[in-house]
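The values are calculated or read from the model by the stated rules, or taken from the named source; none is laboratory data. As the structure is a computational prediction, the values presented were derived from the model and not from experiment. Quick reminder, even Gly has a Cβ in these numbers, built from the backbone with ideal geometry, and neighbours come from all protein chains shown.
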Ligand SMILES: Cc1cc2nc3c(=O)[nH]c(=O)nc-3n(C[C@H](O)[C@H](O)[C@H](O)COP(=O)(O)OP(=O)(O)OC[C@H]3O[C@@H](n4cnc5c(N)ncnc54)[C@H](O)[C@@H]3O)c2cc1C
């Protein structure tokens, strides 16, 4: 049976569902092909969303009109804002989720689009005519014609799962690998590589001695990810606690004895693992001086007996895992329902895609998610959204969608992937974003909903509400910059917190810059023009936004100035077909890298590793000519 769609999305993981939903919202006919219909949006590893920098990505996805935030809110059983004790740039929302409900919600969201057809099957071949995608073929020999293909194949391409010295083919526990697609892409001229990731054992909750473990509760006032979630009904589900325990020398010693049967240390696993999410055996080897490692016991769901042991990812033999677990406080009698394992899979080094995530080799072919060498649901979802918007925009002849590093973490991630490529799983960090004070999780909607609306993912009504919110912040700021608090009022507060008193009355905007003073407290004092402040006083969101803007004003201004300075290089475009090979004065490495990445601008060229400052000067001279 032959079929015809605008876009075929290969894979219904976190990247795939965002790609499909975005292009469907833009009005196109989408086939979402997945190897298992019931596994749409399955959480392969931990049942959690967000966390440091990843939480920023989820808020950005949501601000652009993506679906991850809504699904996480609907299935969340614990919500926490991480890093609250640090500056607002690094506050990061995280949720613990009910694994089963997450998938159910993801299926519901996908099903709500009439123009998405879910096809169960495995894509083995991409057909190309004149360097442009024309169709895909399934393992059942079904032909699906299309104008664009977005590959979101996760950890499935030639997936091989390892526990001890036993290796079995599979994309993840209980699921077959995807075979044939890598080979097809290599035939088309792409370069592939091999990576690995791992997961910890799952434990029976009824066999854990909870009474002796440290409790980790959620926030008292949980905040949703989605700007569209109705906070009056939130959280939707009963909330649960996580717990904390630790490894110690006796646990490490048992694990070390199993190293001779470790697929990592005996050379069975060739793929490179995630540096920042290492297995427990990796941690023992790399951080020899650390006597213990934190472990988090995280429930897999409200009705589930499974506990996910975060921090204990391992591919050692099952019996070694169990023996070590029994030495851990609270787990002395634990029943291991499923051992941890590692999975090796093919990826395609991401210098092969453009900033739109379209491949440089084949028009209409996009890569998103783990296939680009990233690790994590949020990184995958963000790329899926960008690829989905761009594939649809190209078909609809709309402007392409590229976010700058100064606009979003998503922009930082894609820029890093394309310019630096990656040889190990890439995960997002706040430290990767040089303008992070501008890219806070709390202002993602103010930064990005313009694009969500432009590409029809955010309704005019919602966009109008966000614009109104922006206006309220500006007006509020104007008030705080003019309204003064009399000195006798403010001095009470200053004495209380041990600060020197003031002689004259001071404007609120200046007072709030004192690190120890909170805007909420200042607003409780009697000001010279009290009644005009009533709206701000009753709006916690406004208070938070104004406090951040005013307290960090100096830093924010400095970052904005830097952005302006670098912006001029971002707009100095380099023609796509520019022939670097004729520029003999470029360094050899610089020439090779520029030829490989094909940057769009001088700004992008300057971020490619191996391209020197002198290469950039030579390029500038040549381009000006
Ligand atoms: C064992 C394990 C441990 C992990 N540990 C971590 C971790 O510690 N930290 C972390 O951040 N991330 C971890 N991850 C990675 C995380 O699961 C992924 O980053 C994330 O799920 C990637 O999303 P994705 O959309 O790219 O792919 P996935 O969520 O993997 O989805 C892939 C989808 O593609 C489909 N598919 C594949 N090939 C084909 C084909 N040819 N035809 C049709 N459909 C196809 C599959 O059926 C599936 O629906 C782990 C994953 C696994 C499996």
> Hey, among the residues in the stretch 108-133 that are surrounded by fewer than 15 Cβ atoms within 10 Å (Cβ to Cβ) and under 22 Å from residue 353 (Cα atoms), which one's farthest from the ligand (Cβ to nearest atom)?
Replying inline: 130
>> Among the residues of the stretch 220-238, what is the count of those that are surrounded by 15 or more Cβ atoms within 10 Å (Cβ to Cβ) and either within 13 Å of residue 80 (Cβ to Cβ) or in contact with a strand residue (DSSP E or B) (Cβ under 6 Å, 6 or more places away or on another chain) (or both)?
In response: 6
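Going by what's in this entry, would residue 41 be described as at pLDDT 95 or above and either within 9 Å of the ligand (Cβ to nearest atom) or touching a strand residue (DSSP E or B) at 6+ places or on another chain (Cβ under 7 Å) (or both)? Spell out the reasoning first.
Numbers: at pLDDT 95 or above: yes; either within 9 Å of the ligand (Cβ to nearest atom) or touching a strand residue (DSSP E or B) at 6+ places or on another chain (Cβ under 7 Å) (or both): yes.
Criteria met by residue 41.
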> Any residue in the stretch 475-490 that is more than 30 Å from residue 19 (Cα to Cα) and assigned to a loop (DSSP other than H, G, I, E, B)?
Replying inline: yes
> Which one of the conditions (1) touching a helix residue (DSSP H, G or I) at 6+ places or on another chain (Cβ under 8 Å); (2) closer than 24 Å to residue 554 by Cα does residue 499 fail to meet, given that it meets all the rest?
Replying inline: (1)
> All but one of (1) in contact with a helix residue (DSSP H, G or I) (Cβ under 7 Å, 6 or more places away or on another chain); (2) outside the structural domain of residue 526 (by TED's automatic domain parsing) hold for residue 485; which doesn't?
Replying inline: (2)
> When only residues in the stretch 360-380 that are crowded, with 24+ Cβ neighbours inside 10 Å and more than 10 Å from the ligand (Cβ to nearest atom) count, which is nearest to residue 162 (Cα to Cα)?
Replying inline: 366
> Does residue 347 satisfy the criteria of being crowded, with 24+ Cβ neighbours inside 10 Å, under 30 Å from residue 165 (Cα atoms) and more than 8 Å from the ligand (Cβ to nearest atom)?
Replying inline: yes
> What number of residues within the stretch 1-32 satisfy the criterion of being touching a strand residue (DSSP E or B) at 6+ places or on another chain (Cβ under 6 Å) and farther than 19 Å from residue 390 by Cα?
Replying inline: 3
>> Where the second residue is surrounded by fewer than 20 Cβ atoms within 10 Å (Cβ to Cβ) and the first is free of Cβ contacts under 8 Å to residues at least 60 places away in the same chain and lies in the stretch 263-275, which pairs have Cβ atoms under 8 Å and are six or more apart or on separate chains?
In response: 265/259
> Name the residues in the stretch 134-154 that are within 11 Å of the ligand (Cβ to nearest atom) and in contact with a helix residue (DSSP H, G or I) (Cβ under 6 Å, 6 or more places away or on another chain), would you?
Replying inline: 150, 151, 152, 153, 154
>> Tally up the residues in the stretch 557-582 that are touching a helix residue (DSSP H, G or I) at 6+ places or on another chain (Cβ under 7 Å) and part of a helix (DSSP H, G or I), please.
In response: 5
> So which residues in the stretch 242-264 are out of contact with any helix residue (DSSP H, G or I) (no Cβ under 9 Å at 6 or more places or on another chain) and in a loop (DSSP other than H, G, I, E, B)?
Replying inline: 248, 263
> Can you tell me which residues in the stretch 171-186 are more than 9 Å from the ligand (Cβ to nearest atom) and outside any helix (DSSP H, G or I)?
Replying inline: 174
